[in-house]
Amino acid sequence: MPKRKNSTPSWRTRLAQRAVHAGWAWVQRTGSVTAAHPGRFRFGALGTGTRLAFPLGTVFGEPWIHVGAHCIIGEQVTLTAGLMPDLDLGPEPILRIGDGVVLGRGSHVIADTSVTIGSDCYFGPYVYVTSTNHSYDDPHQPIGKQWPRMDPVEIGPGCWIGTGAVILPGARVGRNVVVAAGAVVRGTVPDHAVVAGAPARVVRRWTPDEGWQPPLRTPAPVPIPDGITPGQLRALSRLDDEAVARLAELDDPAEPARRLAEPAGES
């Protein structure tokens, strides 16, 4: 019978692991792109507090890419302006990203013509946004050799774009829209809508007159009241169901927090 190797890592292995992890963390910090440390990139605009995580995806045409303030661009995110690098795209930006935008890991934003992403949009991982699509008009030519079709894309502020969603050329996505994971969006999506499917269709919408239709199945989350401390939240997490029910019966919404803030033994 062959002897089983000791599965417990030696101190040398543990030390090497820590060194590799620490080194990679340093590389990630050093390789990230910010307005203060843009490296080789010369973006048309890169706002305060914005960071492109390392390793980056493909990035070119950055003089025609404007990124707002306090954005988070995840690892391996591709941002391109123009069909290929080193083109003169004129005086106006091609890709505009508003303030507070989050682009999840592995996402692609391909702006061969105008692409606009409004402020406070959140993208899950591996979202694909493109203003260009292949054409196949000529049946005798390979599709990849035919001149593509281009159509501007606009995504309104406050949207949530789910993992793996695809936003096609010509899409006009309204304000505060939820795009479900894996959806393929084309055409116009109204404000305050939820879309799903391929092609994406509106499955729920809010209007001032009717509210959400169909109605929401779950109640809205209750925000944490102002002035609640992390210690009070930790104390609340240790309560059993019966104690939580008693607190919920109190008339004053702030009373549970005050009760939790009282020293033990007081009432």
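What the table below lists for this structure:
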{"quantity": "Rg/Rg_ref, the stretch 17-168, where Rg_ref = 2.2 N^0.38 Å and atoms are Cα", "calculated": "1.11"}
{"quantity": "Surrounding net charge for residue 22, when Lys and Arg each add one and Asp and Glu each subtract one, Cβ distance under 15 Å", "calculated": "+3"}
{"quantity": "Positive dipole terminus of the chain, leading residue within 194, 133, 55 (C-beta point charges)", "calculated": "55"}
{"quantity": "Residues with amide H under 5 Å from that of residue 46, placed H, sequence gap 5 or more", "calculated": "67"}
{"quantity": "Where the stretch 92-163 is the region considered: accessible area per residue in Å², 1.4 Å probe", "calculated": "50"}
{"quantity": "Exposed GluC sites (Glu not before Pro) absent - longest run of the chain, DSSP non-H/G/I/E/B, at most 11 other C-beta within 10 Å", "calculated": "1-209"}
{"quantity": "Inter-site label distance for residue 217 and residue 54 at 7 Å from Cα along Cβ, in nm", "calculated": "4.5"}
{"quantity": "Gaussian network model of the chain, springs between alpha carbon atoms under 10 Å - residue of 217, 186, 42 with greatest fluctuation", "calculated": "217"}
{"quantity": "Unit Cα scatterers, Debye sum, the stretch 116-177: log10 I(q)/I(0) for q = 0.13, 0.14, 0.19 Å⁻¹", "calculated": "-0.42, -0.47, -0.71"}
{"quantity": "Share of carbon and sulfur in the accessible heavy-atom surface of the chain [1.4 Å probe, %]", "calculated": "56"}
{"quantity": "Rounded FRET efficiency, nearest 0.05, which uses the C-beta distance separating residue 209 from residue 229 and R0 of 41 Å", "calculated": "0.50"}
{"quantity": "Residue-by-residue Karplus 3J(HN,Hα) for the stretch 169-186, coefficients 6.51, -1.76, 1.60, Hz, glycine and proline x", "calculated": "x, x, 5, 10, 9, x, 8, 6, 9, 9, 9, 5, 4, x, 5, 10, 9, 9"}
{"quantity": "Ellipticity estimate at 222 nm from DSSP helix runs (n ≥ 4, -39,500 (n - 2.57)) divided over the chain, nearest 500", "calculated": "-5000 deg cm²/dmol"}
{"quantity": "Cut-off under 5 Å, modelled amide H: who pairs with residue 129 long-range", "calculated": "108, 109, 110, 167"}
{"quantity": "Cα-based Rg of the chain normalised by 2.2 N^0.38 Å, two decimals", "calculated": "1.36"}
{"quantity": "Separation in nanometres of the label points that stand 7 Å from Cα toward Cβ, at residue 12 and residue 191", "calculated": "6.7"}
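The values are calculated or read from the model by the stated rules, or taken from the named source; none is laboratory data. As the structure is a prediction and not an experimental result, all values here were calculated from the model. Don't worry about glycine lacking a Cβ; one is built from the backbone with ideal geometry, like all the others, and counts go over all protein chains shown. These accessible areas exclude ligands, DNA and RNA; they are computed on the full protein's heavy atoms, side chains included. Shrake-Rupley method; radii C 1.70, N 1.55, O 1.52, S 1.80 Å.
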